[in-house]
Amino acid sequence: MNRTEQIQETARDLLEREKVNCVIGYEPGSRGHARPAFIYKAEDVERLTWDETCTHNLVRYLLKREDEYLAIVVKPCDARAINVMLAENKLFREHIYIMGVKCEGVKVHGNLQDRCQRCTQRTPVIYDKLIDGEPATISYDTPVGEIAYKQIESLSPKEKMEFWLEQFDQCIRCYACRQACPICSCPTCLYERDDSHWVGIGIGVSEKRAFHLGRAFHLAGRCVGCNECQRVCPVDLPISMLNQKIHQEMQNLFNYTPGLSQTISPLTTVLSPEEVLP
């Protein structure tokens with residue numbers, strides 16, 4: 001039984017036994033690659049699929065659905081996002097059935113993504129059902145993004161600033177990066193408030209710099225490197241390089257990788273019951 005058949009069989013069983021209200025997975029899209037699918041009836045599970053184009057991090061769709069019982073298909077990087085959200089009490093574990101898929105990497109426009117070439121995990125760290133299958137034969141080259149990252153790291157501080165300001169200047173403040181990220185989930189985003197004391201909703205370079213750098217620091221010790229932010233950017237900003245840099249600093253300082261277990265980031269403040277914010 002291939003992975004698509006395993007996902008369909010599991011989804012059908014869960015829906016027929018009314019263990020979940022909805023199964024969140026992938027279905028063939030109209031543009032040659034998979035797209036998110038929401039299955040509410042057992043007779044519709046044939047829509048579900050699994051292939052190398054299943055790139056979306058579906059964990060984002062678990063937010064604000066706390067009253068439902070959901071099943072979800074996740075890759076290893078997606079599963080780590082679930083651990084981060086569970087540690088931050090943003091999800092109820094008993095409300096989620098996790099179908100973890102062994103993954104050799106996913107592609108966009110026929111090319112294996114940089115994040116997949118850097119990834120060392122092929123099995124999700126958390127699951128209720130492991131979807132296994134014959135591993136695909138994929139050759140791994142030096143990621144293009146890794147080459148670019150090293151080139152930027154070799155620049156002087158002044159040259160780095162010039163590079164990033166040029167990148168931020170192209171941003172159109174569409175917030176696609178924020179919307180695609182499962183971890184960037186504040187009820188009210190600081191950078192979209194017109195009364196903010198720190199940064200407004202303007203589109204000047206200074207505002208855009210504050211948005212991207214502020215968001216990157218907010219994700220420090222929490223970003224799982226799924227790179228959905230960069231994939232959905234309409235102007236192709238190398239956003240993931242900011243997250244990659246901070247991730248490397250987190251590993252150097254704390255030897256910490258987000259999402260390997262349900263633990264709070266070392267940079268997150270946790271109040272004990274007797275403590276209150278001033």
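What follows draws every value from the coordinates through simple rules; no lab data is involved. Because the structure is a prediction, the values reported are computed rather than measured. Note that each Cβ is placed from the backbone with ideal geometry, even for glycine, and that neighbours are counted across all protein chains shown.
Starting at the first residue of the range 259-267, write each ³J(HN,Hα) from the Karplus equation 6.51 cos²θ - 1.76 cosθ + 1.60 with θ = phi - 60°, in whole Hz, x for Gly and Pro.
x, 5, 8, 7, 10, 6, 4, x, 8
Less than 22 Å apart at the alpha-carbon level, and either on another chain or at least 8 residues along: which lysines does that give for residue 102?
Reachable lysines: 75, 129.
Which is the longest part of the chain that has none of the GluC sites (Glu not before Pro) sitting in a DSSP loop with at most 13 other Cβ atoms within 10 Å?
That would be 69-273.
Name the residue from 124, 8, 96 whose Cα lies farthest towards the positive end of the charge dipole of the range 3-131, charges +1 on Cβ of Lys and Arg and -1 on Cβ of Asp and Glu.
124
For the chain, what's the relative contact order in percent, using C-alpha pairs closer than 8 Å and at least 6 residues apart?
17 percent
Please compute the length gained on full extension between residue 38 and residue 16, using 0.36 nm multiplied by the number of residues separating them and subtracting their Cα-Cα distance.
6.4 nm
Summing -39500 (n - 2.57) over the DSSP H runs of n ≥ 4 in the chain and dividing by its residue number, what mean residue ellipticity at 222 nm do you reach, to the nearest 500 deg cm²/dmol?
The per-residue figure over the chain is -10000 deg cm²/dmol.
With just the Cα atoms defining each centre, how far is the range 209-251 from the range 78-111? Give it in Å.
So the separation of the two Cα centres works out to 18 Å.
Which chymotrypsin sites (Phe, Trp or Tyr not before Pro) from the range 1-70 combine a DSSP loop assignment with at most 14 other Cβ atoms within 10 Å?
For chymotrypsin sites (Phe, Trp or Tyr not before Pro) across the range 1-70 that sit outside H, G, I, E and B with at most 14 neighbouring Cβ atoms in 10 Å, the list reads 40.
By count of other Cβ within 10 Å, fewest leading, how are 23, 45, 235 ordered?
Starting with the residue having the fewest Cβ neighbours, the order is 235, 45, 23.
So what is the relative contact order for the range 40-115, in percent, with contacts set as C-alpha pairs under 8 Å and at least six apart?
Once divided by the residue count of the range 40-115, the mean separation gives 35 percent.
Treating cross-link reach as a plain straight distance, find the aspartates and glutamates whose alpha-carbon is under 18 Å from the alpha-carbon of residue 64, omitting any fewer than eight places away in the same chain.
By straight Cα distance, residue 64 reaches 78, 88, 94.
Which lysines, on any chain, are close to residue 150 with Cα under 22 Å apart, when same-chain ones fewer than 8 places away are left out?
Cross-link targets: 158, 160, 245.
Please work out, to two decimal places, the log10 of the ratio I(q)/I(0) at q = 0.08 Å⁻¹ from a Debye calculation in which every Cα of the chain carries one identical scatterer.
Normalising to I(0) and taking log10 leaves -0.36.
Quote the Stokes-Einstein diffusion coefficient, in whole µm² s⁻¹, for the range 144-254, based on the Kirkwood radius over alpha carbon pairs, a temperature of 10 °C and a viscosity of 1.306 mPa s.
109 µm²/s
Scan around residue 223 for amide H atoms under 5 Å from its own, H built in the peptide plane at 1.01 Å from N, and keep only partners 5 or more places away or cross-chain.
Result for residue 223 returns nothing.
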